[in-house]
Amino acid sequence: MFAGGALLLAAGPLRAVEGSALFAPCVACHGSKAEGNAALNAPALAGQHAAYLQRQLRNFRTGLRGAHPSDKPGAQMRTVAATIKDEASVARLASYVAALPETVAPAPGRADLRNGNNLYHGKCGACHGGRAEGNPALDAPRLAGLDAAYLKRQFAYFRDGVRGAHKDDRLGRQMSLMAKTLPGEGDLDDVIAFIQAQGRAK
């Protein structure tokens, strides 16, 4: 019984070491703490839901994401994701990154936070949560902590069919439909500012 207990205690650190090794190729763009790098079009990943990270890695590996000619960062991610050889490794990597301390978004720029609040709660909050914390039960990722450029780019990708157009990407198609309902560019800036404010209000 004691030996079995020791093995269980060792399993956690062992998985962390394996996850860290799997994350090593990602550090150059996403940072050693998965904090992201807007200059490299690399989003923050730390603290994101493991199921979402696992699904996106799988989508990159299978071509559901990153195959569109306009998605240059996605094409880079497809190349990296292809080096992860099996689903078990995908799961370990996703769990490791999800366990890292959550990132905090940069301070929001000048925007109408009241308008952002209203639009966010009217169009996004039911799935992504009242504080943009995400909802794994609805397959909705955490948005708080992501930089504005990444949020804006992904919104445009969904709206313009760069992302979510694949027939097998059911969740992406849902987002593609929602992205077409936001009135204008200024409204998007307000929503993003509201999301970033949530990531800092802890």
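Each value in this text was obtained by applying a stated rule to the coordinates, not by laboratory testing. Note that this is a predicted model, so its numbers are computed, not measured. A quick note on method: Cβ atoms are made from the backbone with ideal geometry, for glycine too, and the neighbour counts reach across all protein chains shown.
What the table shows:
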item: Test: residue in the range 172-182 that is without any contact (Cβ under 8 Å) to a residue 24 or more places away in the chain, among the small types (G, A, S) and more than 22 Å from A137 (Cβ to Cβ); result: no
item: Test result for K167, part of a loop (DSSP other than H, G, I, E, B), without any contact (Cβ under 8 Å) to a residue 12 or more places away in the chain and either more than 29 Å from A24 (Cα to Cα) or acidic (D, E) (or both); result: yes
item: Cβ-Cβ under 7 Å pairs, at least 6 apart or on other chains, the range 89-102 side buried (at least 17 other Cβ atoms within 10 Å of the Cβ), far side among the basic types (K, R); result: V90/R58; R92/R15; L100/K33
item: Positions within the range 33-51 being part of a helix (DSSP H, G or I) and touching a helix residue (DSSP H, G or I) at 6+ places or on another chain (Cβ under 7 Å), in sequence order; result: A38, L40, A50, A51
item: The range 19-45 residues that are within 19 Å of K72 (Cα to Cα), paired with ones that are assigned to a loop (DSSP other than H, G, I, E, B) and hydrophobic (A, V, I, L, M, F, W, C) (beta carbon under 7 Å, 6 or more apart); result: H30/L45; G36/A44; G36/L45; P43/L146; A44/A34; A44/L146; L45/A34
item: Tabulated pairs, the range 70-87, first farther than 12 Å from L57 by Cα, second polar (S, T, N, Q) and assigned to a loop (DSSP other than H, G, I, E, B), C-beta under 7 angstrom, 6+ apart or interchain; result: P73/N41
item: Test set (1) crowded, with 17+ Cβ neighbours inside 10 Å; (2) part of a helix (DSSP H, G or I); (3) under 14 Å from the mean Cα position of the chain (by Cα) - A105 fails condition number; result: (2)
item: Test set (1) over 16 Å from R110 (Cβ atoms); (2) in contact (Cβ under 8 Å) with a residue 60 or more places away in the chain; (3) surrounded by 18 or more Cβ atoms within 10 Å (Cβ to Cβ) - F158 fails condition number; result: (2)
item: Scan of the range 36-54 for residues that are buried (at least 18 other Cβ atoms within 10 Å of the Cβ) and not polar (S, T, N, Q), ordered by number; result: G36, A42, P43, A44, L45, A46, G47, H49, Y52, L53
item: Where A126 falls short, out of the listed (1) in a helix (DSSP H, G or I); (2) in contact with a Gly (Cβ under 8 Å, 6 or more places away or on another chain); result: (2)
item: Tally, over the range 120-163, of residues that are touching a Lys or Arg at 6+ places or on another chain (Cβ under 7 Å) and polar (S, T, N, Q); result: 1
item: Matching entry among L143, L182, L151 (being assigned to a helix (DSSP H, G or I) and not small (G, A, S)); result: L151
item: Residue in the range 67-83 that is farther than 18 Å from F158 by Cβ and assigned to a loop (DSSP other than H, G, I, E, B) present; result: yes
